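Structure first, then comments.
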Amino acid sequence: MAEFRRITPIVRLDPGAQGLWRRTRFVSLPPVAYQILCCLDDQAGLIVPLESLCQTGPYAVSAVYHAIRLLRAVIEPYPARHQYLLTHRGQGYVLIPYHYRCHKI
């Protein structure tokens, strides 16, 4: 059985079902969004270049942008104010999961 990974205080990644749990509601993710989230989660805390995210599929840049918007709508408490899935302009994206925030001084 796959282990849940906490992304935010209320969102958990469910690798077995390829989706997210937001509180008690399961949110199924399209394959593009799920693979990009897994890539970001595997490199949590590090900037992942856009080119690397495109190569996970391979996916077009527009598909990655759409997946990032979808993920923010599910993960972020306020999608317009990014706390967990951050953009580093000209560099890429970084996922700062909840457990990183809890252990940093």
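A short reminder: the numbers here are calculations on the coordinates, not readings from a lab. In this text the structure is predicted, and so the values were computed from the model without any measurement. For neighbour counting, all protein chains shown are included, and Cβ atoms are generated from backbone atoms with ideal geometry for every residue, glycine included.
Data table
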| read-out | value |
| --- | --- |
| ³J(HN,Hα) computed for each position of segment 51-68 - Karplus, 6.51 cos²θ - 1.76 cosθ + 1.60, integer Hz, glycine/proline x | 4, 5, 5, 5, 7, 5, x, x, 10, 6, 4, 4, 5, 5, 4, 5, 5, 4 |
| Helical mean residue ellipticity (222 nm; -39500 (n - 2.57) per DSSP H run of 4+; nearest 500) of the chain | -11000 deg cm²/dmol |
| Residue of 67, 80, 17 that the Gaussian network model of the chain assigns the largest fluctuation, springs spanning Cα pairs under 10 Å | 80 |
| With 10 Å bins from 0: P(r) over segment 1-45, alpha-carbon pairs, percent | 29, 61, 9 |
| The chain: Rg to Rh, with Rh as the Kirkwood radius over Cα pairs | 0.93 |
| Where trypsin sites (Lys or Arg not before Pro) in DSSP loops with at most 13 other Cβ within 10 Å are excluded, longest remaining stretch of the chain | 24-80 |
